[in-house]
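For reference, the structure is listed below as structure tokens.
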Amino acid sequence: MQGKLHHIYIIAVVGVLFVTLDQPIVHAHDDYRSVSHLEWNDADGSVELVIEIHRHPLETKLSLLLDQRLSFLSNDDYGKLEVATKNYLAKNIVVDVDGEPVNMVFLGLETKGETVIAYLEADWPDQPQSLGFMNSIFLDDLPEQINTVLATVMGTRFGGDITGAGRLLRFDF
């Protein structure tokens, strides 16, 4: 009888191992999504862009680019990171309105918990017929990266995901 129990125990352990090893690996930060809100503001005739980015991957990327360890939690590093974020976004964000490229002006950023929120804006007095957007941040660095955009003109909203560099999303209003 004891031999049968040992045999059943071995089968149970092997079964648990198969089930456990078949599960996907979960990382501490397995969602690398950034979210961008692109909107035409009719009240002041501008295109506004708000980008929400996870703090840790942004700190890591900017630290590597600047060849020094930086943290948004350090008052001494905050100014350097703000300038570095401005430059990084300038290289990785494309906005066009009605097929014309728009030079977005970086207004600043803030942090809320694990999120960095960057604010950009450009003058555009006439109501757009289309908005184009490309956000390539982290796409070369993080294979799971998804950059989501919501574009709004006069209450009409469209959205999409960018998962590959070079793919401009266009929204017609």
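Counting only Cβ charges, +1 for Lys and Arg and -1 for Asp and Glu, the dipole size of the range 30-105 around its Cα centre is about 480 debye. Between A90 and D126, the contour length at 0.36 nm per residue exceeds the Cα-Cα span by 10.6 nm. A full extension of the chain between D172 and L64 corresponds to an added length of 35.1 nm, given 0.36 nm per residue minus the alpha carbon distance.
Quick note: the coordinates plus some simple rules give every number you see, no bench work behind them. The structure presented is a predicted model; accordingly, all values stated were derived computationally and were not measured. Don't worry about glycine lacking a Cβ; one is built from the backbone with ideal geometry, like all the others, and counts go over all protein chains shown.
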